[in-house]
Amino acid sequence: MKQVLTIVVKLQPTPEQVAKLEATLRAFADACNYVNEHTDPKLTNKIAIQSLVYQTIKEKFNLVANMAVRACARVAANRKVALHKGKSVKGFTPSSMDCDKDLFRFREQDWTVSLATIYGRERIELKAGNYQRGKLKGTNPTSAQLCKHRDGQYYLHIQVKDDAPTPTDTKKTLGIDLGRRDIAVTSVGEKWDGTDIQQVTDKFSQVRASLQNKALKGTRTTRRRCREILKRLSGREKRYQQWLNHNISKSVVKRAVELNASIAIEDLTGIRERTNQQPRSKTERRHSNSWAFYQLRMFIEYKGRSAGVQVIPIPPAYTSQMCNNCLHIHPVKGKYYRSGKIFKCGHCGWCGDADFNGANNIALVGLSINQPRGTGLSCKLTRTVEYVQLSLFDDFRATENPDLSNSRSG
C-alpha cells in the first residue's frame, strides 16, 4: 500500500534566482487568472480547458509547455472545490506553482533541485534537516509545489510515495470523542484538556484586536510598529495548534498500536455551518470557528496509515445521547441528565464523564463497521470479549440483568 507524504524543504536561492522565481510565480498566477476569466466558469475538465487556452497562455505569459498545462489543471481543480462548496473562483495570487517531473528534478548527490522558470532552468540549493533527508533519501519524486510563504522565503513541497503497511485485522476498536473543552477523549479513559489552546486563542485574539486598534488611531510611528508586531505574530497561534494536534494524534495512534485496535473517530464535517446558524455570542463563535478538529482527524488518519492502523470515521448522531452501559438512546431532553461534563442515564442510572460515554459509543459503532460478520450485539446482547476489555464493560450485566440486555436495542 502506497502513502503520499508531503516533505516541506526550504530553498536557498541567490538574489538573482529570487527575482526569477518571483517572476515565474507572477506569470503562473496571471495565466491562471486569464484562464479563469476567459473560459466558462462551469467548465471543470482540465483537458477541455487546456484545448481552449493552452496556446494562448503559453505565448502570452511566456510559459513553458508544462507550466501552461499545470495552470489549466490548477483552475479546473479549484473550480471543482468551489463548486462543491457552492462558491466561485475569484482569483489567484502569486504564491505557489504546481511542478511535475519536467518542471523540477531532485538531485540527492548535492541536495539541490533543478527548477524551470520563465527564464530557463535554475539549480537551487536545498536547506534540508535530518527528517527531510531521511524521507527523501533514495527517492525519485515526480511532483512538487513551489511555494512562497508569508515570511517571504521560498519552499518546495515535495510529494513522496512511501510504503505503508497493510492495516491489520482486529476485533478491537479505540473510540475517539472530539470536543472543545476536552480536545480528545478515548474509550480507555485518556483525555487531552483544551484549556491551554483556548487560553492561547483568547490571548492572541486580544493582542490582535489591541494592535489593530492602535494601528488605526495611533501616530505614524505607532501604526508602523503595530504592523511590524502583527506581522511577527502572524501564524504563531496556528503553529501552536498544529504542534498540539501532532502530539495528540501521535499518542492516539501509539495507544491503538499497543492495544492492536483500529480507531473510530467522529466525522464532524459541516458542524461549523450548523452551529453558526444558531444565535451565539461573538466569543463563542470565535472559539467554535478556531476549533481545528478536522486537522486533528487528518493527522490521526495519516499517522494511523503509516502505523498500519485502520481509522474509521463515524457519524456522531446519538453518540452523546446514548448510554454506553445499557445502550439506551435518549433522543428527548429530560430523559437523560447532562450537566457540563456529567452524563446520567435515565434508564439504568449510569453516571460518568459525558465525553468518555461518547467515546465508548463511538467505539461500539466503529466495531460494528470493522466486523462485517457482526459484533455479537443484538437484542439479546452477546458481547465480544475484545470490546468488553477495551471499553471497560462488565459481562455480568448482560447475564444477570436481562432487562438491561433487552434495552440495548434502543
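Report whether or not Leu52 is surrounded by 14 or more Cβ atoms within 10 Å (Cβ to Cβ) and touching a Ser or Thr at 6+ places or on another chain (Cβ under 8 Å).
For Leu52, the condition - surrounded by 14 or more Cβ atoms within 10 Å (Cβ to Cβ) and touching a Ser or Thr at 6+ places or on another chain (Cβ under 8 Å) - is met.
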query = Considering only region 7-41, how many residues are more than 21 Å from Thr93 (Cα to Cα) and either surrounded by fewer than 17 Cβ atoms within 10 Å (Cβ to Cβ) or without any contact (Cβ under 8 Å) to a residue 40 or more places away in the chain (or both)?
reply = 4
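Going by the conditions given, is Arg70 without any contact (Cβ under 8 Å) to a residue 40 or more places away in the chain and not aliphatic (A, V, I, L, M)?
Spelling it out, it is not the case that Arg70 is without any contact (Cβ under 8 Å) to a residue 40 or more places away in the chain and not aliphatic (A, V, I, L, M).
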key: Filter result for the condition that a residue is within 25 Å of the chain's Cα centre (by Cα), among the small types (Gly, Ala, Ser) and at pLDDT 65 or above, over Gly358, Gly346, Gly340, Gly352   = Gly358
inquiry  = Quick check on region 192-201: of everything there that is surrounded by 14 or more Cβ atoms within 10 Å (Cβ to Cβ) and at pLDDT below 90, which residue is nearest to Arg255 (Cα to Cα)?
reply    = Gly194
request  = Spot the failing condition for Val89; the list is (1) over 30 Å from Asn260 (Cβ atoms); (2) not assigned by TED's automatic domain parsing to the domain that holds Ala23, and only one is missed.
outcome  = (2)
Selection from region 340-361 of residues that are in a helix (DSSP H, G or I) and over 17 Å from Cys326 (Cβ atoms) = Asp355
Test set (1) surrounded by fewer than 19 Cβ atoms within 10 Å (Cβ to Cβ); (2) part of a helix (DSSP H, G or I) - Tyr318 fails condition number = (2)
note = Only one of (1) in contact with a helix residue (DSSP H, G or I) (Cβ under 6 Å, 6 or more places away or on another chain); (2) touching a residue at least 60 places away in the same chain (Cβ under 8 Å); (3) not charged (D, E, K, R) does not apply to Thr275, and that is (2)
key: Count of residues meeting criterion [assigned to a helix (DSSP H, G or I) and under 33 Å from the mean Cα position of the chain (by Cα)] in region 21-64   = 22
remark   = For region 165-190 the number of residues that are surrounded by fewer than 17 Cβ atoms within 10 Å (Cβ to Cβ), within 15 Å of Ile369 (Cβ to Cβ) and touching a residue at least 12 places away in the same chain (Cβ under 8 Å) is 1
remark   = Across (1) surrounded by 14 or more Cβ atoms within 10 Å (Cβ to Cβ); (2) within 18 Å of Arg286 (Cα to Cα); (3) not assigned by TED's automatic domain parsing to the domain that holds Ser368, Pro141 clears everything bar (2)
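The values are calculated or read from the model by the stated rules, or taken from the named source; none is laboratory data. Because the structure is a prediction, the values reported are computed rather than measured. Note that we place each Cβ from the backbone using ideal geometry, even for glycine, and neighbour counts take in every protein chain shown.
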